[in-house]
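Every number here is computed from the coordinates shown, using simple stated rules; none is lab data. Keep in mind that this is a model prediction, so the values were computed, not measured. Don't worry about glycine lacking a Cβ; one is built from the backbone with ideal geometry, like all the others, and counts go over all protein chains shown.
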Amino acid sequence: MNYQVTSNWDERLWRKVEPVYREAFPEHRGKSEGVIRRMFQRKLSELHTWMEEGEVVAMALTATDPEAHVLVIDYLAVRASRRGGGLGRHCVEEISEWAKSSEACRAIIIEVEAEQTEENAERIRFWQRTGFQLTSYVHPYIWVPETYHAMYLPLAPAFKPEDDGQSLFSFITKYHEKAYRGGDIK
């Protein structure tokens, strides 16, 4: 399996990634291509791809916060036909190794929907199996109806939020504001 990371927009690569992304995150659940393209033009994101025989089987969009030394995983998607075989766990392991080697990353942070549904519980269990820890704080956004928990994977032994997880949303919110509103870049 070929794992690659790029911080540059590549139209041809995106055309291979997009079906996997949209399969997991339809238009109403994910960022539009225009927002994603702008994030790359502004050097906000990294695209991680896993390919077999020239075909994308998994992808992730991440953002590094070099001041806080954390990585935010915005999206992780595995082709539906490949789910359940450990590929998602493998992707998280490779992202973790990549993060450890770049800019002294102390932790990886994600957000998961807080509404108590079986689908959300499955997602939380997946992240927990990969080493992420669930926080208790429930974060409301003003622009979407869903509420979220933060989860984190410590990469440095001393990393642990000093609260119920609310502080982790400062990194996530900062990233979303840059992606949607045009805040300062890195």
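With a simple spin-label model that places each label point 7 Å from the Cα along the Cα-to-Cβ direction, the separation between Arg123 and Lys16 comes to 2.7 nm. Remark: the chain is approximated by an ellipsoid whose semi-axes, taken from the C-alpha gyration tensor as √(5λ), come to 23, 19, 18 Å, largest first.
Ranking Phe159, Val138, Ala99 by Cα position along the charge dipole of the range 2-181, where only Lys, Arg, Asp and Glu carry charges on their C-beta atoms, puts Ala99 farthest toward the positive end. Sorting the segments 58-67, 26-35, 92-101, 151-160 by their mean number of nearby beta carbons within 10 angstrom, highest to lowest, gives 58-67, 92-101, 151-160, 26-35. Membrane-span-like helices in the chain, defined purely by DSSP H runs whose alpha carbon atoms cover 15 Å or more axially and whose average Kyte-Doolittle hydropathy reaches -1.0, are 87-101, 168-181. In a simple Cβ point-charge model (Lys, Arg +1; Asp, Glu -1; nothing else charged), the chain has a dipole of about 340 debye relative to its Cα centre. Summarising the amide proton neighbourhood of Val70: residues at separation of 5 or more, or on other chains, whose placed amide H is nearer than 5 Å comprise Asp65, Arg106.
In the structure shown, the pairs Lys100/Lys160; Lys31/Lys178; Lys43/Lys160; Lys100/Lys178 are assessed against 21 Å; a Cα-Cα span above that value is assigned to Lys43/Lys160; Lys100/Lys178.
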